[in-house]
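**Student:** Mind having a look at this structure? Questions to follow.
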Amino acid sequence: MGKKTERLVSILQLQPVVPVLVVDRVATAIPLARALVEGGLKAIEITLRTDAALDAIKAVADEVDGAEVGAGTILNARQYEAAVFAGSKFIVSPGTTQELLDAASRSDVPMLPGAATPSEVMALREEGYAVMKFFPAEQAGGAAYLKSLSSPLAGISFCPTGGITPEKAKDYLSLPNVICVGGSWVAPKKLVEAGDWAAITALAADAAKLAVSD
């Protein structure tokens with residue numbers, strides 16, 4: 001688990017914000033990923049919420065230099081294995097099941113497992129996990145809630161995702177137990193549909209500048 005955790009941390013530490021993408025058409029995946037990378041967001045999560053997702057992951061993994069593409073919304077072992085086969089460098093789940101833990105243990109590709117309660121965090125820590133996704137972040141209690149976990153659950157780092165805006169991101173990034181945040185605001189659907197990659201690069205550049213000191 002140690003080496004996989006190090007690999008995951010090295011990806012998540014590339015930037016303060018990991019774009020969480022819903023890709024409807026494979027044709028948009030490459031220019032979208034290139035726009036994000038150009039703006040400074042190299043780690044990219046493509047969620048398995050569309051039929052195009054796996055092909056989009058493969059396209060980005062094969063064609064976009066500098067991108068560290070991961071797969072999100074992984075719910076079972078079959079999806080885990082398919083995402084790895086497509087080229088995912090990391091796996092993200094909204095929650096955690098024994099099936100997912102078993103799939104992760106069999107794979108060299110690290111998982112960022114979802115957790116929202118102290119009991120879930122403690123159970124994952126017993127499995128050897130030290131980095132987790134806090135989801136759904138805003139609905140589950142926000143930055144204040146996550147801050148309250150930092151002392152009793154010391155040594156655990158989180159990537160909060162869900163309902164986070166650029167303004168709220170700063171609150172999360174100021175916490176000692178937050179490694180990065182996940183956000184969809186850097187790739188709004190209207191800009192993607194319009195193919196306005198320059199605007200997305202600008203949003204990515206702004207997100208890449210977010211830091212604890214802001």
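Any read-out appearing in this document is the output of simple, stated calculations on the displayed coordinates, not a laboratory observation. Keep in mind it's a predicted model, so treat the numbers as computed, not measured. Cβ coordinates were reconstructed from backbone atoms using ideal geometry, including for glycine residues, and neighbour counts include every protein chain displayed.
**Student:** Ranked highest first by average number of other Cβ atoms within 10 Å, how do 110-122, 199-211 line up? Please report the intermediate quantities before stating the final value.
**Tutor:** On the way: 110-122: 19.8, 199-211: 18.2.
Going from most to least packed, we get 110-122, 199-211.
**Student:** Given contacts defined as C-alpha pairs under 8 Å and at least six residues apart, what's the relative contact order of the stretch 136-214, whole-number percent?
**Tutor:** Details: 87 pairs, mean separation 22.5, N = 79.
It rounds to 28 percent for the stretch 136-214.
**Student:** Right, another one. Going through the cross-link list Lys89/Lys209; Lys147/Lys189; Lys3/Lys170; Lys4/Lys168, which pairs have a Cα-Cα distance over 26 Å in this structure? Walk me through the numbers before you get to the answer.
**Tutor:** Values: Lys89/Lys209 24 Å; Lys147/Lys189 31 Å; Lys3/Lys170 29 Å; Lys4/Lys168 29 Å.
In this structure, Lys147/Lys189; Lys3/Lys170; Lys4/Lys168 lie more than 26 Å apart at Cα.
**Student:** Find the percent of Cα-Cα distances in the stretch 1-58 that exceed 18 Å, and round it to a whole number. Kindly include the intermediate steps, with their values, before the conclusion.
**Tutor:** Working: 666 of 1653 pairs.
Percentage above 18 Å: 40.
**Student:** Given the DSSP H assignment, sum -39500 (n - 2.57) over each helix run of at least 4 residues in the chain and divide by its residue total; what's the result at 222 nm in deg cm²/dmol, nearest 500? Let's see the in-between values first.
**Tutor:** On the way: 10 runs with 97 residues, N = 214.
So the helix-based figure for the chain works out to -13000 deg cm²/dmol.
**Student:** Counting pairs of alpha carbon atoms under 8 Å apart in space and at least six apart in sequence, what relative contact order in percent does the stretch 2-208 give?
**Tutor:** Numbers: 412 pairs, mean separation 47.3, N = 207.
Relative contact order, the stretch 2-208: 23 percent.
**Student:** May I pose another question? Could you give the distance between the Cα centres of the stretch 150-214 and the stretch 40-116, to the whole Å?
**Tutor:** Distance between centres, Cα-based: 19 Å.
**Student:** For Ala198 and Lys3, calculate 0.36 nm times their separation in residues minus their Cα-Cα distance, and state this gained length in nm to one decimal. Each step should come with its number before you reach the end.
**Tutor:** Working: separation 195, 0.36 × 195 = 70.20 nm, distance 3.66 nm.
Taking Ala198 through Lys3 to full extension adds about 66.5 nm, to one decimal.
**Student:** Output the peptides 91-102, 142-153 sorted from most to least packed, where packing is the average of other Cβ atoms within 10 Å over each peptide's residues. Display every interim value, and only then the final one.
**Tutor:** Numbers: 91-102: 18.0, 142-153: 15.4.
Result, highest mean first: 91-102, 142-153.
**Student:** Give the value in nm², to one decimal: projected area of the alpha carbon convex hull of the stretch 56-214, averaged over all directions. Could you put the intermediate results ahead of the total?
**Tutor:** On the way: hull surface 39.5 nm².
Average projection, Cα convex hull of the stretch 56-214: 9.9 nm².
**Student:** For a bin width of 10 Å, list the pair-distance distribution of the stretch 59-133 built from all Cα-Cα distances, rounded to whole %.
**Tutor:** Reading the bins upward from 0: 20, 51, 23, 5, 0.
**Student:** Which order results if Asp171, Asp65 are arranged by neighbouring Cβ count within 10 Å, fewest first?
**Tutor:** Values: Asp171 18, Asp65 8.
Going from least to most buried by this count: Asp65, Asp171.
**Student:** So what is the relative contact order of the stretch 1-99, in percent, for Cα pairs below 8 Å that sit 6 or more residues apart?
**Tutor:** Numbers: 168 pairs, mean separation 24.0, N = 99.
Over the stretch 1-99, the number comes to 24 percent.
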